[in-house]
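The values are calculated or read from the model by the stated rules, or taken from the named source; none is laboratory data. Small disclaimer: the values here were computed from a predicted structure and weren't measured. Here the Cβ positions follow ideal geometry from the backbone for every residue, glycine too, while neighbour counts run over all protein chains shown. These area figures cover heavy atoms from the full protein model, side chains too; ligands, DNA and RNA do not enter into them. Shrake-Rupley method; radii C 1.70, N 1.55, O 1.52, S 1.80 Å.
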Amino acid sequence: MNRIVVPLALLLFLPLFGLAAPFLFSENALVATGTLSHLWNFVLGGYIVSSLVLILGVGVGVFILGVGNAWIIASYDFPGKKVFEWALILPLAVPTYVMAYLFVDLLQFSGPIQSTLRTLLGVDSLWFFPDPRSMSGAIWSFSFCLFPYVYLITRTAFLERSGRLIEVSETLGYSPFQGLIKLVLPMARPAIFAGMALALMEVLADFGAVSYFGVQTFATGIFKAWLSFGDRVAAVQLALGLLSFVLLIFFVEQSSRSKLRYASSSQSRPLAKVLHGKAAMLAFVFCGLTLLCGFLLPAFALLQLLYKQGLNIDIRYLDWLRNSLSVSILTAVLSVLLAVFFAYSVRMNARLSWVNRLLGFGYALPGAVLAIGILSFLEIFQLAWWMSASLLVLVYAYLVRFLSSSLQSVETGLSRITPSMDGSAALLGLSRMQILKRVHIPLLKRSLITAGLFVFVDVMKELPATLLLRPFNFDTLAVAAYQLAADERLAELALPSLTIVLVGLFPVFLLSRVISKS
């Protein structure tokens with residue numbers, strides 16, 4: 001088994017070789033240098049500025065929404081808290097590109113909000129109303145869609161420490177807000193940075209939303225270079241630029257907590273402070289508006305679009321659904337099998353732990369970067385025809401991208417199985433494979449189901465890699481929703497988008513059950 005682990009792990013690392021290929025072959029060296037110079041002179045500066053503005057704006061947005069809601073839920077008790085503490089993670093079920101389509105549909109000139117305001121005010125136009133299809137619209141949509149990453153991690157950190165720190169701050173004469181700024185936030189900084197890093201990496205990896213808003217980022221540049229101009233070198237270099245942004249965020253997140261050491265106390269946590277009157281109303285309004293903009297309004301807009309469409313269901317919908325389900329189920333099953341293989345191999349031989357850390361890097365690769373790496377690798381060996389012949393390339397990309405999420409779930413499950421159980425089974429004469437089959441697998445059922453479910457949902461929502469790597473005439477629900485939105489056929493995208501959202505609700509409900517029990 002150990003002889004297979006390293007080659008198989010390196011096989012899942014080949015897309016990075018595809019990104020480096022133009023610089024490894026001498027005949028492409030001059031072309032690569034000239035392309036980079038052209039990109040720098042004409043488009044690269046704009047991509048860098050747009051990406052920086054976007055991540056800075058979204059960073060502020062998810063910080064305010066995620067930390068603000070986590071602080072209120074963890075530290076105070078008010079009417080509606082029991083609902084908000086799990087309902088605030090519902091926006092995770094809405095893909096960013098679906099949120100973008102619905103945001104524009106709600107706020108555009110012909111949308112329900114502007115139409116209602118013009119009727120009430122008796123005017124033909126609202127000069128003060130901002131253009132929803134802009135950078136500010138993108139920042140707004142991403143913030144309300146991705147803040148649960150910060151909320152989930154920060155809420156846990158606040159529950160562990162905020163109660164005692166607030167008591168300490170009160171003894172020092174601080175107000176609750178001063179205690180938050182001077183004591184709680186510095187102590188929770190690692191958790192906040194981790195959540196923000198996840199959200200910002202999602203922003204950089206996104207293509208559907210930024211292209212719909214007309215924001216020029218590295219992701220949109222990659223698609224233009226490859227699909228519009230057929231320039232592999234330019235696409236690869238833009239992919240490397242996007243990857244450098246992702247690695248920078250990853251490095252900042254790691255370095256922000258590398259030298260921090262905190263001790264946890266086993267004592268019971270102080271009870272949340274009960275709010276009354278105006279304070280309770282403000283807490284309810286803040287959490288309620290966040291939930292309204294992040295989930296309730298998008299869900300209402302989807303249902304409204306579906307109502308407009310009526311019973312006229314696109315005849316291609318069943319094909320889209322079948323294609324999405326087939327690749328999602330296949331990838332989920334393969335990812336669980338590979339996760340068990342790698343996690344169990346590391347359990348048997350701790351020296352292979354670096355393999356799992358290497359595989360975890362795949363989740364940090366944006367879908368567009370991953371796809372360009374695979375395409376570049378296939379072109380070098382003249383194997384690009386595989387893409388039109390089968391789903392193997394697409395499923396391989398999904399495995400590289402999402403294997404780490406299932407691997408983490410399986411590793412967590414294995415960590416709960418004590419080594420003494422392995423020793424007892426070995427004393428009974430069981431081989432390693434028999435121990436895995438008769439001891440570990442039955443105890444890992446819940447972890448395996450959770451791992452498969454999360455990969456299934458991630459594949460259903462994935463857009464950039466699917467757009468670039470899918471075979472001819474193979475459209476998934478995500479691709480169909482993107483194409484319909486690009487054609488401004490918003491009513492027709494309601495059903496595929498609603499299907500993706502409903503599927504995404506399954507892991508969200510699992511998380512909500514865990515939060516409710518805790």
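Residues are listed down the side, and each one gets a yes or a no for (1) among the β-branched types (Val, Ile, Thr); (2) open to solvent by 40 Å² or more (accessible area, probe 1.4 Å); (3) touching a Leu at 6+ places or on another chain (Cβ under 7 Å); (4) within 18 Å of Phe300 (Cα to Cα):
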position	(1), (2), (3), (4)
Leu44	no, no, no, no
Ser51	no, no, yes, no
Val60	yes, yes, no, no
Met99	no, no, no, yes
Val123	yes, yes, no, no
Pro130	no, yes, no, no
Q.
Show the residue pairs meeting these rules: Cβ distance below 8 Å; 6+ apart or different chains; first residue within region 284-299 and of a type in the set (S, T, N, Q); second residue not in a helix (DSSP H, G or I).
A. Thr290/Leu88
Q.
When you check Pro507 against the structure, is it at pLDDT 80 or above, farther than 23 Å from Leu297 by Cα and assigned to a helix (DSSP H, G or I), yes or no?
A. no
(Q) Consider region 77-135. How many of its residues are under 28 Å from the mean Cα position of the chain (by Cα) and not charged (D, E, K, R)? (A) 29
Q.
Which pairs turn up if I take residues in region 378-394 that are in a loop (DSSP other than H, G, I, E, B) and look for partners that are at pLDDT 75 or above with beta carbon separation below 8 Å, at least 6 apart in sequence or on another chain?
A. Ala384/Leu375; Ala384/Leu378; Ser390/Pro471; Leu391/Ser326; Leu391/Val327; Leu391/Leu330; Leu391/Pro471; Leu391/Phe474
Q | Tabulated pairs, region 308-336, first touching a residue at least 60 places away in the same chain (Cβ under 8 Å) and open to solvent by 20 Å² or more (accessible area, probe 1.4 Å), second in a helix (DSSP H, G or I) and of a type in the set (S, T, N, Q), C-beta under 9 angstrom, 6+ apart or interchain | A | Tyr317/Thr499; Leu321/Thr499; Val336/Ser406; Val336/Ser409
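One line per residue, one yes/no per condition, for (1) at pLDDT 85 or above; (2) of a type outside the set (Asp, Glu); (3) in a helix (DSSP H, G or I); (4) loosely packed, with under 14 Cβ neighbours inside 10 Å:
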{"residue": "Arg3", "(1), (2), (3), (4)": "no, yes, yes, yes"}
{"residue": "Pro15", "(1), (2), (3), (4)": "no, yes, yes, no"}
{"residue": "Asn28", "(1), (2), (3), (4)": "no, yes, yes, no"}
{"residue": "Thr35", "(1), (2), (3), (4)": "no, yes, yes, no"}
{"residue": "Tyr47", "(1), (2), (3), (4)": "yes, yes, yes, no"}
{"residue": "Val67", "(1), (2), (3), (4)": "yes, yes, yes, no"}
{"residue": "Glu85", "(1), (2), (3), (4)": "yes, no, yes, no"}
{"residue": "Pro91", "(1), (2), (3), (4)": "yes, yes, yes, no"}
{"residue": "Leu102", "(1), (2), (3), (4)": "yes, yes, yes, no"}
Q | Failed criterion for Tyr398 (all others in (1) open to solvent by 10 Å² or more (accessible area, probe 1.4 Å); (2) in a helix (DSSP H, G or I); (3) under 21 Å from Phe207 (Cα atoms) hold) | A | (1)
Q. When you scan region 474-498, how many residues do you find that are out of contact with any Gly (no Cβ under 8 Å at 6 or more places or on another chain), part of a helix (DSSP H, G or I) and open to solvent by 20 Å² or more (accessible area, probe 1.4 Å)?
A. 6
Q: Answer yes if at least one residue in region 353-367 is among the aliphatic types (A, V, I, L, M), free of Cβ contacts under 8 Å to residues at least 12 places away in the same chain and in a helix (DSSP H, G or I), and no otherwise.
A: no
Q. If Ser404 satisfies every condition in (1) modelled with pLDDT of 80 or more; (2) farther than 21 Å from Leu358 by Cβ but one, which is the exception?
A. (2)
Q) From the residues in region 407-444 that are open to solvent by 30 Å² or more (accessible area, probe 1.4 Å) and touching a Gly at 6+ places or on another chain (Cβ under 9 Å), which one is nearest to Ser328 (Cα to Cα)? A) Gln408
(Q) Being within 20 Å of the chain's Cα centre (by Cα) and more than 20 Å from Pro366 (Cβ to Cβ) is true for just one of Ala465, Ala451, Ala426. Which residue is that? (A) Ala451
Q: State yes or no: is Ala481 touching a helix residue (DSSP H, G or I) at 6+ places or on another chain (Cβ under 7 Å) and of a type in the set (A, V, I, L, M)?
A: yes
